[in-house]
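Scroll down for the structure; my scribbles are underneath it.
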Amino acid sequence: MTRRVMFGICALALIGVAVTLTAQQRRGAARADDRSLTVEEYTPRSTLVVPEHPVPRAKFPVVDIHSHHRPGLSGERWSTIVREMDELNLQVLVNLSGGHGATLARGVRAIGESPHPDRMVVFANLDFSSGVTPGFGARAAAQLERDVAAGAVGLKVFKNFGLTVRDGQGQRVPVDHPELDPVWHMCARLDIPVLIHTGEPSEFSQPVDRYNERWLELIVRPGRRLPSDRYPSFEAIMAERDRVFARHPETRFIAAHMGWHANDLGRLGALLDRFPNVVVETGAILYDLGRQPLAARAFFDAYADRVLFGKDSYAADEFPYYWRTFETRDEYFDYYRRYHAFWKLYGLGLSDDVLRKLYYENALRVVPRIPRGAFPTF
């Protein structure tokens, strides 16, 4: 074999080794990339093929009992929202961010003077900015009476009450503090409901570890954590809330977010059995209902008069997820906010009678001042 031939063979061998190493390096790099995926980045394509029935428009007109908008909403933004509502079959939004005093009156007036005065009603809010000091309850009740005279149709209590609201000594004010009793009595006297958001999901109070079902949300939104060295436990704050329900049977309460018991419908049913003055709403807990379609459907059948439709933050493209979950029996479809839930949803297939109660009949009963013209049985 000549020297030239020997050189050619060696050169080809080296090229082959180089090509092999390059391919191995590429495979190794791919494996490294796969291993470095975060939970948020991992979005596998489902190979499941099942019938799909998207529902862009609710089957019956809807009252959204849990919506948030800046006070004084008007002009082009309000007109845009009304057009979206028409497409969705949303008839009335209940704005829980009405404020109090001059702010509330200005917001009520803006809607009333708009071309769409019957499409939004407003709940008043309590002013905790100076804390809960002696006489707070009487002053707040008097202000609420003025707010209702100005057009408010209910009272919304935000989640800061029971978590971060303080008294004159800087101590946390529990939900069942007797200083608030005059407010609850005033709501009964004025015949208005209290939509009360108490606490947060139970997992927010648990260690943020691999066992925490809301791990991703608490990583993405660390401000939602409620560590035990700074906040009361979930059970402690639920007990405070339940004592308020028991002490004020004449007051109608709407427990926001299904009382944070949508993951334990047996417990929620027991609460409703115990407190006939309490109803619940579905804001921001669709992920829990959609993962237990059989149990959730049975719950809605059993408590059809006690559940109101609520969405929470307004986003027109998210409402159809609710319609599809409530109206169809579709399987294994996406939820709209991945950090709330890493699982898929299933439809409950609620009956028309239950849907009507959920979508509008219960809301019109619980909040007597909602305009009724757009609803078929009222």
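With respect to the conditions (1) crowded, with 17+ Cβ neighbours inside 10 Å; (2) outside any loop (DSSP other than H, G, I, E, B); (3) basic (Lys, Arg), Arg365 lacks only one, and its number is (1).
Buried (at least 16 other Cβ atoms within 10 Å of the Cβ) and either closer than 17 Å to Gln292 by Cα or in contact with a Ser or Thr (Cβ under 7 Å, 6 or more places away or on another chain) (or both): does that describe Ala341? Judged against the criteria, Ala341 is a match.
Exactly one residue out of Arg45, Arg83 is assigned by TED's automatic domain parsing to the domain that holds Lys159 and either assigned to a loop (DSSP other than H, G, I, E, B) or exposed (fewer than 13 other Cβ atoms within 10 Å of the Cβ) (or both): that is Arg83. Checking each residue in segment 215-249 for being in contact (Cβ under 8 Å) with a residue 24 or more places away in the chain and outside any helix (DSSP H, G or I) picks out Arg221, Leu226, Tyr231, Pro232, Ser233, His248, Pro249. What are the residue pairs meeting all of these: first residue in segment 261-278, first residue over 13 Å from Ala302 (Cα atoms), second residue in a loop (DSSP other than H, G, I, E, B) and not hydrophobic (A, V, I, L, M, F, W, C), Cβ atoms under 7 Å, and 6 or more apart or on different chains? Within 7 Å, the pairs are Arg267/His261; Leu271/His261; Asn277/Pro249; Asn277/Thr251; Asn277/Arg252. Looking only at residues of segment 132-170 that are assigned to a loop (DSSP other than H, G, I, E, B) and β-branched (Val, Ile, Thr), we find that the one that is nearest to His100 (Cα to Cα) is Val153. I'm trying to understand the selection: among the residues of segment 55-68, which are in contact with a strand residue (DSSP E or B) (Cβ under 8 Å, 6 or more places away or on another chain) and surrounded by fewer than 20 Cβ atoms within 10 Å (Cβ to Cβ)? Within segment 55-68, Pro61, His68 meet the criteria.
Within segment 164-186, residues that are polar (S, T, N, Q) reach partners that are assigned to a strand (DSSP E or B) with beta carbons closer than 9 Å, at six or more positions or on different chains, in the pairs Thr164/Arg172.
Of Tyr339, Tyr332, Tyr321, all but one fail to be touching an Asp or Glu at 6+ places or on another chain (Cβ under 6 Å) and assigned by TED's automatic domain parsing to the domain that holds Val220; the exception is Tyr339.
Considering only residues that are assigned to a loop (DSSP other than H, G, I, E, B) and hydroxyl-bearing (Ser, Thr, Tyr), which ones fall in segment 299-343?
Result: Tyr303, Ser313, Tyr314, Thr328, Tyr332, Tyr335, Tyr336, Tyr339.
The values are calculated or read from the model by the stated rules, or taken from the named source; none is laboratory data. The shown structure was predicted, so the numbers you read here are calculated from the model rather than taken from an experiment. All Cβ positions, glycine included, derive from the backbone under ideal geometry; neighbour counts span all protein chains shown.
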